[in-house]
1. What translational D, rounded to a whole number of µm²/s, comes out for region 174-383 from Stokes-Einstein when the hydrodynamic radius is the Kirkwood one over Cα pairs, at 37 °C and 0.692 mPa s?
2. Using only the alpha-carbon atoms of the chain, report the extent along each of the three principal axes, biggest first, to the nearest angstrom.
3. Please arrange MET339, MET238 by how many other C-beta atoms lie within 10 Å of their C-beta, fewest to most.
4. What size of dipole, in debye to the nearest 20, comes out for the chain about its Cα centre when the only charges are +1 on Lys and Arg C-beta atoms and -1 on Asp and Glu C-beta atoms?
5. Just name one of MET290, GLY351, SER66: the one whose Cα is farthest towards the positive end of the charge dipole of the chain (beta-carbon charges, Lys/Arg +1, Asp/Glu -1).
6. So how strong a dipole does region 1-113 carry about its Cα centre when Lys and Arg Cβ are +1 and Asp and Glu Cβ are -1, to the nearest 20 debye?
7. So, in Å, what gap is there between the alpha-carbon centers of region 316-363 and region 33-88?
8. Positive end of the dipole of the chain, charges at C-beta (+1 Lys, Arg; -1 Asp, Glu), about the Cα centre: which of TYR148, VAL128, VAL209 has its Cα farthest in that direction?
Amino acid sequence: MKGFIDKYLHKLSSQGLCGYDGAIFIALDDVPYSNRPINSSLLKVFELIHINTLLIARPSEPYLSSIIGVLRANNDVDKIIPADCETRTFFHDIPVIDNDSPENIAKALSNRKAALFRDGRIVSCGTVSPEQAYIAFSSVCFSLFVKYLFDGLKGSVGDIRPVLEGIIRLLPQKVYLTQTYDTELPLKHTPRDHNEAIRQIVSVGKAMVDLRLVDSYFGNISCLVNDSIYITQTGSSMDEIAQAIDIIPLRGGSTTGITASSEFSAHRAIYERTDLRFILHGHPKFAVIMSMHCHYTSCRGDNCYRACDKERHIGESPIVSGEIGTGTYGLLNTVPKAMLNKGRAIVYGHGVFVGSREGFQEALRDMIEIERYCFKQYMDLIRAP
């Protein structure tokens, strides 16, 4: 168990989510294990609810300032409800806990994966492994970062400009603060064989994590090689996917598709309807924020993520609605059509799909270009008189 705890502590630290020494990670094996000395009362949480891992940590910046900003603007509520796709599908809402008694923690986590303390700390849990607690922690950081900056556009959290300057300094410069981005990764051409396809997917997955274009385990990658779709598996971490890639015939069934990304149907529809051969899907933060910023006032707005009928764009990127999966409002019904022209689409509150005919490098550049453009648009709106 110590090895698992150390692995996810390293991920939390390397991805800028919290300090390595600032987290309490408790896991049950034959006996409880913790990376730090703990108050024994925390072990009571394991008696009150069925979990095997508990993670408590104060997020690093820029996430902490975002979370504190959201809490201050909602100081009388017992839960926070962000509007992004991850929250809708993964959390529904994020409970707010007044103190860290075992009873309060257990109550909050009895039907949620994570919760907030009013001082900005996050508590998350896993019922099977430490990995689940890490994913939930990461997703709360993402969701509340997006919520704080989105609410800043609406003016519902006050003037965020003083805090925003500090946030900007901590963003990946290669994405937000330089004019161009190039990569020396071997991603410029179509894979010649199976092994090269795997190597390219692994390389671009690590690049997406390093550039913070995906958070925790959300996002997916695919390419079409010899009429087969190589696609990352559902729930796979983008920086360790060598053993988590499925190969599925473009036409014809395969039981392998059972473990493929939950957005496999959208990827396959894109390949069937376009001449694209490489697809990246990520959750760049400012693209998610700007996708939800809309000037239309005549609609109610509570169904925008699912079935918006307005034609909207950010630069050359169309914004579409849609849900994960294959239902009436599934992304396979909206994203492929949007990608026919420029090979790119932004899904409301969800993230970016980019495709390329040439290789992953072109797709990665397009995703960075979209995120950089959305960042500029956001800053222009915030700085406007």
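Every read-out reported here was derived from the displayed coordinates using simple, explicitly stated rules and does not represent laboratory data. Everything numeric in this text was worked out from a predicted model, so none of it was measured. A quick note on method: Cβ atoms are made from the backbone with ideal geometry, for glycine too, and the neighbour counts reach across all protein chains shown.
1. On the way: Rh = 17.1 Å.
Value of D from the Cα-based Kirkwood radius: 192 µm²/s.
2. Cα spread of the chain along its principal axes, largest to smallest: 58, 55, 40 Å.
3. Numbers: MET339 24, MET238 27.
Ascending Cβ contact count within 10 Å gives the list MET339, MET238.
4. 520
5. Highest projection toward the positive end goes to MET290.
6. Numbers: 12 positive and 14 negative charges, 36 e Å.
The calculated dipole for region 1-113 is roughly 180 debye.
7. Region 316-363 and region 33-88 have Cα centres separated by 32 Å.
8. It is TYR148.
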